[in-house]
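The values are calculated or read from the model by the stated rules, or taken from the named source; none is laboratory data. All values derive from a computational prediction rather than experimental measurement. Here the Cβ positions follow ideal geometry from the backbone for every residue, glycine too, while neighbour counts run over all protein chains shown. Heads up: the accessible areas ignore ligands, DNA and RNA and are worked out on the full protein's heavy atoms, side chains in. Shrake-Rupley method; radii C 1.70, N 1.55, O 1.52, S 1.80 Å.
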Amino acid sequence: MLGAHRIERLEPEHVERVYARLRKDGRKVSTVHQVHRTLRVALNEAVRRRHIERNPVVLVKTPPLVEKEIEPFTLEQAQQILEVARGWRNGARFAIALSLGLRQGEALGLRWSDLDNAAESLTIRRALQRQTWRHGCDNPHKCGIRYHKESCRPNCVSHARACPKREGGGLVVSEVKTRAGRRVLNVPARLLTALDEHWVTQDAERTTAGTVWEEGGWMFAQPTGRPLDPRADHENWKKLLNAAGVREARLHDARHTAATMLLVLGVPARAVMDVMGWSSASMAHRYQHVPDALRQRIADQMGCLLWGSSTDDGEEDDGQAGVPAG
Ligand SMILES: [Zn+2]
Ligand SMILES: [Zn+2]
């Protein structure tokens, strides 16, 4: 991509222009930073070998890495979502997101065997994700010939989706490998009830599906028993928000909401890390920007948390939602 410039004539401005073009082509800021690091290392090596006197890349300005702002729901919004989720197909999946903060892949990867009804706990051990395809052929550039556009890079090797020998893509189940990721969560009583109801609904679907049903033990499944596709799940989420009259939001905002509530409720950062499956405490710092007004509101209402002050069993969720077992 820097081919037009001889290495010794390379100026920071040239590199900056390349970065600007990458951004214009829709590349992520993080990708530009990755290119930047690679280039800096490569040219440092060129300096070391005396091909050039100085490394122009060290002077290059990179686009700022602005972290996406965290936008948790207000307690009222979360309650509205839960209300609608109760009668919604696979709605319990969103109750899990809001109360336990599971990542999308983790929630979709749940099997009924991960739920321990007696211990009232849920174990996170795998994730279901849609992976992008890789070429399995010998000549990826030629393979994608019908799909290259002007915006493609000179030796573009994309378009693996159309490769006749494509591999590694589609829905993939992966074991959660990190210690932080693998975790056991306490399930609030109200969520257990929601999951019980969900089980009954799913069992009826299983009966209806008959021989079409493919038993995978998935907690959240398609009407055929197969696991949910993350894309369909996302569509379902958008429809649910719409029905609940709540603003548009990323699925990840549900996770942010769970984390915010735990932090605002004064759960120690260490415990919140355990619940959320964060491997470092630095994530918790990102939550310090949550508006004070929102913090205050949540703190005020901590007695009734997500599911409101329950009138029935007197066993209210008292902020222990999701605090890890043991
Ligand atoms: Zn292409
Ligand atoms: Zn191919």
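Quick check on my filter: what residues within the stretch 206-217 are out of contact with any helix residue (DSSP H, G or I) (no Cβ under 8 Å at 6 or more places or on another chain) and either closer than 20 Å to residue 95 by Cα or basic (Lys, Arg) (or both)?
206 - this is the single residue of the stretch 206-217 that is out of contact with any helix residue (DSSP H, G or I) (no Cβ under 8 Å at 6 or more places or on another chain) and either closer than 20 Å to residue 95 by Cα or basic (Lys, Arg) (or both).
If you check residue 123 against the conditions, is it of a type outside the set (Asp, Glu), touching a residue at least 24 places away in the same chain (Cβ under 8 Å) and more than 16 Å from ligand 2 (Cβ to nearest atom)?
Spelling it out, residue 123 is indeed of a type outside the set (Asp, Glu), touching a residue at least 24 places away in the same chain (Cβ under 8 Å) and more than 16 Å from ligand 2 (Cβ to nearest atom).
Limited to the stretch 141-152, what total is found for residues that are of a type in the set (Gly, Ala, Ser) and either within 10 Å of ligand 2 (Cβ to nearest atom) or without any contact (Cβ under 8 Å) to a residue 60 or more places away in the chain (or both)?
1
Kindly check whether there is at least one residue in the stretch 161-169 that is out of contact with any helix residue (DSSP H, G or I) (no Cβ under 7 Å at 6 or more places or on another chain) and within 16 Å of ligand 1 (Cβ to nearest atom).
Yes, that holds for at least one residue.
Quick test of your reading of the structure: residue 155 fulfils all but one of (1) more than 29 Å from the chain's Cα centre (by Cα); (2) touching a residue at least 12 places away in the same chain (Cβ under 8 Å); (3) within 13 Å of ligand 2 (Cβ to nearest atom). Name the failing condition by number.
Among (1) more than 29 Å from the chain's Cα centre (by Cα); (2) touching a residue at least 12 places away in the same chain (Cβ under 8 Å); (3) within 13 Å of ligand 2 (Cβ to nearest atom), residue 155 violates only (3).
Regarding residue 38, is this residue open to solvent by less than 100 Å² (accessible area, probe 1.4 Å) and under 30 Å from residue 265 (Cα atoms)?
no
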